[in-house]
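Asks: Here it is, the structure in full.
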Amino acid sequence: MLQESETISVIIPTYNRAKTIEYCIKSILEQTLLPNEIIIVDDTSTDNTESIVASLNNNLIKFIKLDKNSGAQVARNIGITKAKSKWIAFLDSDDMWENNKLELQMGELKKVNFDVYTLVHGDCYCFDTHLNKKWVWNMPMTEYKCYDKLLLRPSTLFPSLLISKQALEEIGFLDENIQSFQEWDTSIRLAKICNFIHIKAPLFIYMLHDGETISKNNVKYIQGYLYILNKFKNDFYKYHGELKWKEQINSLKEKALKENIYKEVEYLFEI
């Protein structure tokens, strides 16, 4: 039986994922180290997601259905609030964990005496369901005290994170206003108080459906990226200077022009 210092809650936000949520949950139930609970927060699905979850008939699963559609960040925050364990892991309802994911991460936490100001993450596989193609996505190396590095570029994905509930509470939970790059925003804020441990191995499978790309919605991409650059502007100036910040802004403008969406996002650059 896990000691209190080793307890884990898994949080899964979901919306109309009847086709994928079963394999998602089974990837948790097949872990070499089982969590203490799996909290599924359904953001008002209109398909049979709920009945599929119920059919699994597992005591680890707790199902919460929201009254109104609120977005994945709200769903994750509700899951964090309801969680009873010391450690929090996330999984999206169309992705899967490698079966030793939690065991590897808890092994790293044991080395630091389960310090609550430690975040453990790793790399992932990408699987294109349309092309039936799988490859490794090696995330940029992000370890130890890395706040200044994280200001420059995204890293870490929710399905690979293992972090203490206490740390998430101390940063004020997840930002519910950001359109994209939610993980980046969360990681930046956690990096202010946490050391990062980067496991250089794939910990989960990121599923791409029907020709999706990792940055398919370019408008949301730019909205989220700009939101972060402006949110952390003062610290960006402090660590990297005004010139570097402006280079990032100009790079986003170039992307908008290249994707023929500049008219849609022009107002964002005037804020």
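Asks: From the list Val112, Val136, which residue is at pLDDT 95 or above, assigned by TED's automatic domain parsing to the domain that holds Leu203 and either over 13 Å from the mean Cα position of the chain (by Cα) or under 27 Å from Leu208 (Cα atoms) (or both)?
Replies: Going through Val112, Val136 in turn, just one is at pLDDT 95 or above, assigned by TED's automatic domain parsing to the domain that holds Leu203 and either over 13 Å from the mean Cα position of the chain (by Cα) or under 27 Å from Leu208 (Cα atoms) (or both): Val112.
Asks: If you don't mind, another one. Can you tell me which residue in the range 214-271 is nearest to Ile188 (Cα to Cα), limited to those that are in a helix (DSSP H, G or I) and of a type in the set (Gly, Ala, Ser)? Before the answer, list the steps.
Replies: We begin by selecting, within the range 214-271, every residue in a helix (DSSP H, G or I); these are 218-231, 233-258, 262-270.
With of a type in the set (Gly, Ala, Ser) added as a condition, the list becomes 224, 241, 251, 256.
Details: Gly224: 14, Gly241: 17, Ser251: 20, Ala256: 24 Å.
The selected residue is Gly224.
Asks: Give the range 70-90 a look and list any residue that's of a type in the set (Lys, Arg) and either surrounded by 14 or more Cβ atoms within 10 Å (Cβ to Cβ) or over 14 Å from Thr7 (Cα atoms) (or both), or say none.
Replies: Hits for the range 70-90 are Arg76, Lys82, Lys86.
Asks: Name the pairs whose Cβ atoms lie under 9 Å apart, with the first residue in the range 33-46 and in the same structural domain as Gly107 (by TED's automatic domain parsing) and in contact (Cβ under 8 Å) with a residue 40 or more places away in the chain, the second part of a loop (DSSP other than H, G, I, E, B) and surrounded by 19 or more Cβ atoms within 10 Å (Cβ to Cβ), and 6 or more positions between them or separate chains?
Replies: Pro35/Ser85; Asn36/Ser85; Glu37/Ala83; Glu37/Ser85; Ile39/Ala83; Ile40/Ser93
Asks: Only one residue in Ser45, Ser9 is modelled with pLDDT of 95 or more and within 25 Å of Ala167 (Cβ to Cβ), so which one is that?
Replies: The match here is Ser9.
Asks: Still on this structure: Out of the range 107-166, which residues are in a strand (DSSP E or B), within 30 Å of Asn250 (Cβ to Cβ) and without any contact (Cβ under 8 Å) to a residue 40 or more places away in the chain?
Replies: The answer is none; no residue qualifies.
Asks: Hey, can you tell me all the residues within the range 41-69 that are buried (at least 17 other Cβ atoms within 10 Å of the Cβ) and part of a loop (DSSP other than H, G, I, E, B)?
Replies: Selection gives Asp43, Ser45, Leu66.
Asks: Would you check if Leu190 is part of a helix (DSSP H, G or I) and among the aliphatic types (A, V, I, L, M)?
Replies: Details: part of a helix (DSSP H, G or I): yes; among the aliphatic types (A, V, I, L, M): yes.
Answer is yes for this residue.
Asks: From the list Thr156, Thr186, which one is on the phi > 0 side of the Ramachandran plot and crowded, with 17+ Cβ neighbours inside 10 Å?
Replies: On the way: Thr186 fails: on the phi > 0 side of the Ramachandran plot.
From the options Thr156, Thr186, the qualifying one is Thr156.
Asks: Just a yes or no: is a residue in the range 197-208 of a type in the set (D, E, K, R) and either surrounded by 21 or more Cβ atoms within 10 Å (Cβ to Cβ) or within 26 Å of Asn100 (Cβ to Cβ) (or both)? Quick ask: steps written out before the conclusion?
Replies: Narrowing the range 197-208 to residues of a type in the set (D, E, K, R): 200.
Those left that are additionally either surrounded by 21 or more Cβ atoms within 10 Å (Cβ to Cβ) or within 26 Å of Asn100 (Cβ to Cβ) (or both): 200.
Among the residues of the range 197-208, at least one is of a type in the set (D, E, K, R) and either surrounded by 21 or more Cβ atoms within 10 Å (Cβ to Cβ) or within 26 Å of Asn100 (Cβ to Cβ) (or both), which makes the answer yes.
Asks: Scan the range 168-180 for residues that are in contact with a helix residue (DSSP H, G or I) (Cβ under 6 Å, 6 or more places away or on another chain) and not in a loop (DSSP other than H, G, I, E, B) and report the count. Can you show your working first?
Replies: If we filter the range 168-180 for residues that are in contact with a helix residue (DSSP H, G or I) (Cβ under 6 Å, 6 or more places away or on another chain), which is where we start, we get 168, 171, 173-176, 178-180.
Pick out the ones that are also not in a loop (DSSP other than H, G, I, E, B) and you get 168.
Final tally of qualifying residues: 1.
Asks: Among Ile171, Ile163, Ile222, Ile193, which is the only one that is of a type in the set (Val, Ile, Thr) and closer than 20 Å to Ala256 by Cβ?
Replies: On the way: Ile171 fails: closer than 20 Å to Ala256 by Cβ; Ile163 fails: closer than 20 Å to Ala256 by Cβ; Ile193 fails: closer than 20 Å to Ala256 by Cβ.
The unique qualifying residue is Ile222.
Asks: Inside the range 18-39, can you point out the residues that are under 20 Å from Gly71 (Cβ atoms), outside any helix (DSSP H, G or I) and out of contact with any Lys or Arg (no Cβ under 7 Å at 6 or more places or on another chain)? Before the answer, list the steps.
Replies: To start, the set of residues in the range 18-39 that are under 20 Å from Gly71 (Cβ atoms) comprises 18, 20-21, 24, 39.
The next check asks that each one be outside any helix (DSSP H, G or I); those that pass are 18, 20, 39.
Those that are under 20 Å from Gly71 (Cβ atoms), outside any helix (DSSP H, G or I) and out of contact with any Lys or Arg (no Cβ under 7 Å at 6 or more places or on another chain): Ala18, Thr20.
The values are calculated or read from the model by the stated rules, or taken from the named source; none is laboratory data. All values reported here derive from a predicted model rather than from experimental measurement. A quick note on method: Cβ atoms are made from the backbone with ideal geometry, for glycine too, and the neighbour counts reach across all protein chains shown.
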